[in-house]
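Each remark here refers to the structure printed beneath this line.
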Amino acid sequence: MLSCTLEKHLPAQKKVIHTENAPASVGVYSQAIQVGNVLYLSGQIGLVPETRELAGNDLESQTHQTLQNIEAVLEAAGFTMADIVKAQVFLDDMDDYEAFNEIYVQYFTEEPPARAVVEVSRIPLAAKVEIMAEAVK
């Protein structure tokens, strides 16, 4: 029989970021990991941190909440939206692309990050949008 122990072994420059101002994970992952001056944010969906319920059933409310959750995680690590260099966006319906962009530009008014947007068949908790990002200071 194989016996093993799980130890939390983090290199000195690796820091786990967690804030109560963004929803706790719905799986086994950290809200973000910082390595040096780079922050890797896990995917965020439009959960309201206090209730852990989706902000609404519509793309607009979920997108605003998702981006607010990202802002909260960034702030906890001492970063801002302007520090995001890459975003990966998952939509449950690519027909929502224009509506998503109308909200997205409100958060990235100048020099938006590099980005990919793809349609996926399912997002956790039946969300309409999920965004993951990388930031550099």
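Quick notes
- Range in the chain, longest, excluding exposed GluC sites (Glu not before Pro) [loop by DSSP; at most 13 other beta-carbon atoms within 10 Å]: 54-109
- Karplus (6.51, -1.76, 1.60) ³J(HN,Hα), θ = phi - 60°, over segment 100-111, in Hz, Gly and Pro reported as x: 4, 4, 4, 7, 4, 5, 5, 9, 10, 6, 9, 6
- Using a Gaussian network model of the chain in which every pair of alpha carbons under 10 angstrom is joined by a spring, one finds that among G56, G46, G36 the greatest mean-square fluctuation is at G36.
- For segment 14-136, the relative contact order is 31 percent, taking Cα pairs closer than 8 Å that sit 6 or more residues apart in sequence and dividing their mean separation by the residue count.
- Number of Lys pairs (Cα under 21 Å; 8 or more positions apart or on different chains) in the chain: 6
- From least to most packed, judged by other beta carbons within 10 angstrom and beginning with the fewest, V89, V26 follow the order V26, V89.
- Candidates P112, P124, P49: whichever shows maximal mean-square fluctuation once the chain is modelled as a Gaussian network with Cα springs under 10 Å: P124
- Rg over Rh, two decimals, the chain (C-alpha only, Kirkwood Rh): 1.01
Computed from the coordinates by the stated procedures, all read-outs in this text should not be read as laboratory data. Only a predicted model underlies this, so the values are computations on that prediction, with no experimental measurement involved. Reconstructed Cβ throughout: ideal geometry from the backbone, glycine too, with neighbour counts over all protein chains shown.
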